[in-house]
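One structure below.
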Amino acid sequence: MKTWTLDLMTAYRRVLVACCALLLAVMGIAQGPANSSITLKIKDLSSEERDALVRQLEKGGEARVAFACVPAGILVLEATAQGRTVDSLRLRAMPGLLASVSPARITEEHIALNEAEQRCSNARASR
């Protein structure tokens with residue numbers, strides 16, 4: 001009888017541990033969506049232009065440069081506030097960008113961060 005009680009308690013503990021692990025995993029997934037981001041391709045991007053944009057965005061506090069690659073002319077801008085839409089990010093980031101870069105040089109790329117990083121790597125390898 002005593003062995004049966006110990007086995008039952010061990011089984012309950014295992015189930016409790018599994019439920020706790022599942023709950024923690026679900027909580028990690030349910031923290032919400034990642035911040036909105038946009039990827040921009042800027043023809044002939046210079047280090048000075050990138051630095052000016054970083055300073056401008058830091059001053060405004062609405063967005064940040066999540067990734068930049070001068071050789072490929074790529075900037076990935078990310079909203080600093082959760083729940084901000086891509087359109088809202090565009091409206092908040094573009095005035096600072098347009099202060100240092102001509103609009104004719106800017107195109108929006110619809111690519112993920114890993115592809116932007118790959119393009120950067122390719123651009124650096126071809127130099």
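Every number in this text was worked out from the coordinates using simple rules, so none of it is lab data. Keep in mind that this is a model prediction, so the values were computed, not measured. Cβ sites come from the backbone with ideal geometry, for glycine too, and all protein chains shown count toward neighbours.
Around GLU62, with a cut-off of 14 angstrom between Cβ atoms, what is the net charge of the other residues, counting Lys and Arg +1 and Asp and Glu -1?
+3
For THR39, what charge total do you get from the other residues with a beta carbon under 9 Å from its beta carbon, if Lys and Arg give +1 and Asp and Glu give -1?
-2
Radius of gyration and Dmax for the stretch 77-127's Cα atoms, expressed in Å?
Spelled out, the Cα radius of gyration and Dmax of the stretch 77-127 are 13.5, 39 Å.
Excluding ILE106 itself, what net charge comes from residues whose Cβ is under 15 Å from its Cβ, given Lys and Arg +1 and Asp and Glu -1?
+1
Measuring from label point to label point, each 7 Å out along Cα→Cβ, what is the ASP44 to ASN122 span in nm?
Each label point is offset 7 Å from its Cα along the Cβ direction, giving 2.3 nm.
Just subtract the alpha-carbon distance of ASN114 and LEU98 from 0.36 nm times their residue separation and send over the number in nm, one decimal.
Length gained, ASN114 through LEU98: 3.2 nm.
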